[in-house]
Amino acid sequence: MEAKKTSSLGHLPLLFLLTLASLSASASASVGGIAIYWGQDGREGSLAAACTTKNYAYVNIAFLSVFGNGTTPILNLAGHCDPSAGTCTNVSADVRTCQSLGVKVMLSLGGGGSGYSLTSTADARSLADYIWNNYLGGSSSNRPLGAAVLDGVDFDIVSGVSAHYDELARFLSAANSTRGRKVYLSAAPQCVYPDASLGPALTTGLFDYVWVQFFNNPPCEYDGSGSVSNLVKSWKQWTTSVRAGKIFVGLPASTAAAGSGYIQPATLTSQVLPAVKGSPMYGGIMLWNRYQDLINGYSSAVNKVNPPPPPPPRQTVNQSQVLPKNGSKKGHGSAAIAGGVVGGAVAITLVFLALLFALKKKNN
């Protein structure tokens, strides 16, 4: 009888350790937030449809493809609508739908075209004012997306000319204090460090999210042969060199979305994420683009293995409660995950101790 009682007690520490291991593995496997680019293919469905999948924490509306050098900025939403004809204002309701679900909606600047550049400090200031009045918290009689107020601005600059984007970031970020509203900033540099177009802008430390494009760049992407060494080496350089809120692994959502760098979802979760999530800078993944994700089901596949965390709440900054630039939200995603792990571990420990005490009392 005594041997049997001892045996039942002996199994408890093993059960306790296995439960803790399961909890830790579950937390470490989470993919984090997923960012997606929407707007460049009419077949991808509406913005609201993308957000109601609940796969995404961030949506970049792509692209404001013409700006600078005295030109009137032009929004290009491909097959969705024509801003010049006023047919994109119905996107306003979709933006609100996304935001009601906790999804941050950003206006993405640039893209793969050549119709943009900044030629001076005045040019950067003028663009910042235009964006504020037409897409953010300002006012204009001709807002291309209607009355909805976007959460921030994404820099997808691939022209190779880096001048004045650091100043644009500063002018946009100034709204945090001068206009009483947090303007989130994100950027999508190439994985080759430093990025030729966004290098100076990223040195400002003003960006909340940086989704590094680990595709179409063989020296710093997953090579398809099972080796993640190039990607991990580049990731470490980015996460130790760039001051930002969170840094994301940018990937093509299908083999058709990029010339190289596609990673199977199972490979992402089993090989890549374990190698990069050790950094406190890790925020999640970015996918290009919504249409390719829709037909390939990449985000759904990843989320089946790693259910997404609840998206962070949107913030409006009051003049009396101005957030410090960058930094104030830094690390909250990791803190939430860590808090969940610690809380779960404490609960399990208490249950274990209670069982141990009860069994010892019974034995006595």
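Taking the mean number of other Cβ atoms within 10 Å as a proxy for protection, how do you rank 239-249, 201-211 from highest to lowest?
On the way: 239-249: 20.4, 201-211: 22.6.
Per-residue mean Cβ counts within 10 Å order the peptides as 201-211, 239-249.
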Q. So what does log10 I(q)/I(0) come out to for the range 25-113 at q = 0.10, 0.11, 0.14 Å⁻¹, using the Debye formula with one equal point on every Cα and no solvent?
A. -0.29, -0.35, -0.53
Q.
So if I restrict to the alpha-carbon atoms in the range 172-219, what is the Rg, and what is Dmax, the biggest pairwise distance, in Å?
A. 13.0, 43
Q. Using alpha-carbon pairs under 8 Å, 6+ residues apart, how would you state the relative contact order of the range 39-176 in percent?
A. 27 percent
Q) Averaged per residue, what accessible surface does the range 155-196 expose to a 1.4 Å probe, in Å²? A) 33 Å²
Q: Compute the FRET efficiency between residue 227 and residue 256 as 1/(1 + (r/R0)^6), taking r as their Cβ-Cβ distance and R0 = 30 Å, and round to the nearest 0.05.
A: 0.85
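The values are calculated or read from the model by the stated rules, or taken from the named source; none is laboratory data. Being a predicted model, the structure only gives us computed values, none of them experimental. Glycine gets a Cβ as well: all are built from the backbone with ideal geometry, and neighbour counts include every protein chain shown. When the accessible area is computed, the model is the full protein with side chains, heavy atoms only, and any ligands, DNA or RNA have been set aside. Shrake-Rupley method; radii C 1.70, N 1.55, O 1.52, S 1.80 Å.
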